[in-house]
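One structure is given here, and the rest of the page talks about it.
The values are calculated or read from the model by the stated rules, or taken from the named source; none is laboratory data. Just so it is clear, the structure is predicted and the values come from calculations on it, not from any experiment. When we count neighbours, we look across all protein chains shown, and the Cβ atoms used for this are built from the backbone with ideal geometry, even at glycine. Ligands, DNA and RNA are stripped out before the accessible areas are found, and what is left, the full protein with its side chains, is counted by its heavy atoms. Shrake-Rupley method; radii C 1.70, N 1.55, O 1.52, S 1.80 Å.
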Amino acid sequence: MQFGWTWYGKEFQGTGLNKACKFELLKFGFEKIGFRRIQFSADEENIRSQKAIEKLGAQKEGLFRNNYIAPNGESTNDVYFSIIKEDWESLKSKNFSEFSTS
C-alpha cells in the first residue's frame with residue numbers, strides 16, 4: 001500500500017509534522033487495517049524527501065526508472081522505500097517513541 005503524497009509548506013518543514021502524520025498513517029495501516037507492507041516513493045532528485053523517508057525507518061529498495069512523465073514531457077525516476085509489518089513494532093518503539101502509547 002502506498003498512502004499517496006504529502007506536501008508541507010516551508011514553514012512546516014523540519015517541525016516534526018511529517019513524522020507525526022506518518023506515524024498515524026503507519027499505525028493505522030499496520031494495526032487497524034492489517035497491511036503487511038507500506039511503501040513510499042520520492043523523485044530521484046528530491047533528496048530532502050528521501051532523507052525524511054529514511055528517518056521514518058523505511059528501507060531503500062531501489063530506483064524505478066522512467067516511472068512518471070513530468071509536465072514538460074520528460075521521464076522522471078523514483079526511489080522506492082518500504083516498511084513491512086515485521087519491522088513495525090521495533091520501528092514504532094525506536095523511531096516514534098514520542099508518539100507511541102502502546
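So which residues in segment 33-50 are in a helix (DSSP H, G or I) and polar (S, T, N, Q), if there are any at all?
Those that are in a helix (DSSP H, G or I) and polar (S, T, N, Q): Ser49, Gln50.
Out of (1) open to solvent by 90 Å² or more (accessible area, probe 1.4 Å); (2) under 13 Å from the mean Cα position of the chain (by Cα), what's the single condition that is false for Phe64?
Every listed condition holds for Phe64 apart from (2).
Which members of segment 73-90 meet the condition of being part of a helix (DSSP H, G or I) and either among the acidic types (Asp, Glu) or open to solvent by 20 Å² or more (accessible area, probe 1.4 Å) (or both)?
Within segment 73-90, Lys85, Glu86, Asp87, Glu89, Ser90 qualify.
Applying the selection to segment 4-44, what residues are of a type in the set (D, E, K, R) and either open to solvent by less than 90 Å² (accessible area, probe 1.4 Å) or modelled with pLDDT of 95 or more (or both)?
Lys19, Lys22, Lys27, Glu31, Lys32, Arg36, Arg37, Asp43, Glu44
Tell me the residue from Phe35, Phe40, Phe23, Phe64 that is over 13 Å from Ile83 (Cα atoms) and among the aromatic types (Phe, Trp, Tyr), please.
Phe64
Here is a check on your reading of the model: is Ile53 open to solvent by less than 70 Å² (accessible area, probe 1.4 Å), in a helix (DSSP H, G or I), hydrophobic (A, V, I, L, M, F, W, C) and closer than 26 Å to Thr15 by Cβ?
Yes, satisfied.
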